């Protein structure tokens with residue numbers, strides 16, 4: 001069920017329009033992703049990892065092998081995410097977590113962690129998540145050293161109200 005919803009969401013993106021809609025709100029979305037990820041680590045009492053290596057399903061105990069995007073997504077999505085490796089990782093993690101939630105309902109509360117970054121793509125923006133930084137194309141650059149300490153106490157942002 002959740003996997004099916006994730007696949008529909010990903011395949012509904014206008015992949016040929018990615019990077020054409022630059023918005024300062026995308027920085028807020030990136031910040032909310034980091035806040036949600038920090039909350040995950042705090043709630044699960046797991047030592048924080050760099051966001052690029054934060055595969056929530058795997059951290060919760062999923063032993064599935066790495067997700068192959070082309071097994072789940074359209075050719076257009078697979079092509080784009082294959083070229084944009086670091087962006088593609090987020091979508092792989094999202095798919096894997098969706099599959100995990102289908103079998104482990106208690107993990108549903110973490111399904112929204114990747115949502116802010118996916119929303120950037122849905123809106124036509126582009127992010128590049130790397131080991132030491134999160135870059136929002138043509139909008140902002142966020143160094144990730146000390147990210148957990150910085151975002152774990154932040155107030156939530158209502159991402160549905162961002163323009």
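The values are calculated or read from the model by the stated rules, or taken from the named source; none is laboratory data. None of these values were measured; they are calculated from a predicted model. Note that each Cβ is placed from the backbone with ideal geometry, even for glycine, and that neighbours are counted across all protein chains shown.
I'd like to verify a number: residues in region 123-150 that are under 12 Å from the mean Cα position of the chain (by Cα) and surrounded by fewer than 19 Cβ atoms within 10 Å (Cβ to Cβ), how many?
1
To keep it simple, each residue is scored yes or no on (1) within 18 Å of residue 109 (Cα to Cα); (2) free of Cβ contacts under 8 Å to residues at least 40 places away in the same chain.
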{"residue": "2", "(1), (2)": "yes, no"}
{"residue": "32", "(1), (2)": "yes, no"}
{"residue": "40", "(1), (2)": "yes, no"}
{"residue": "52", "(1), (2)": "no, no"}
{"residue": "64", "(1), (2)": "no, yes"}
{"residue": "68", "(1), (2)": "no, yes"}
{"residue": "79", "(1), (2)": "no, no"}
{"residue": "85", "(1), (2)": "no, yes"}
{"residue": "88", "(1), (2)": "no, yes"}
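Among 16, 26, which is in contact with a strand residue (DSSP E or B) (Cβ under 6 Å, 6 or more places away or on another chain) and modelled with pLDDT under 95? Reasoning before the result, please.
Numbers: 16 fails: in contact with a strand residue (DSSP E or B) (Cβ under 6 Å, 6 or more places away or on another chain).
One residue alone meets the criteria, 26.
Here are some residues: 82, 88. Which one is surrounded by fewer than 15 Cβ atoms within 10 Å (Cβ to Cβ) and either in contact with a helix residue (DSSP H, G or I) (Cβ under 8 Å, 6 or more places away or on another chain) or part of a helix (DSSP H, G or I) (or both)?
Result: 82 is the single residue among 82, 88 that is surrounded by fewer than 15 Cβ atoms within 10 Å (Cβ to Cβ) and either in contact with a helix residue (DSSP H, G or I) (Cβ under 8 Å, 6 or more places away or on another chain) or part of a helix (DSSP H, G or I) (or both).
Among the candidates 157, 95, single out the residue that is surrounded by 14 or more Cβ atoms within 10 Å (Cβ to Cβ), modelled with pLDDT of 95 or more and out of contact with any strand residue (DSSP E or B) (no Cβ under 9 Å at 6 or more places or on another chain).
95
What number of residues in region 65-79 are surrounded by fewer than 17 Cβ atoms within 10 Å (Cβ to Cβ) and part of a helix (DSSP H, G or I)?
5
Any idea how many residues of region 48-64 are part of a loop (DSSP other than H, G, I, E, B) and over 18 Å from residue 101 (Cβ atoms)?
3
Just name the residue that is surrounded by the most Cβ atoms within 10 Å (Cβ to Cβ) out of those in region 1-30 that are under 16 Å from residue 137 (Cβ atoms) and touching a helix residue (DSSP H, G or I) at 6+ places or on another chain (Cβ under 8 Å).
26
Please work out if residue 102 is touching a residue at least 12 places away in the same chain (Cβ under 8 Å), touching a helix residue (DSSP H, G or I) at 6+ places or on another chain (Cβ under 7 Å) and part of a strand (DSSP E or B).
Details: touching a residue at least 12 places away in the same chain (Cβ under 8 Å): yes; touching a helix residue (DSSP H, G or I) at 6+ places or on another chain (Cβ under 7 Å): yes; part of a strand (DSSP E or B): no.
No, not satisfied.
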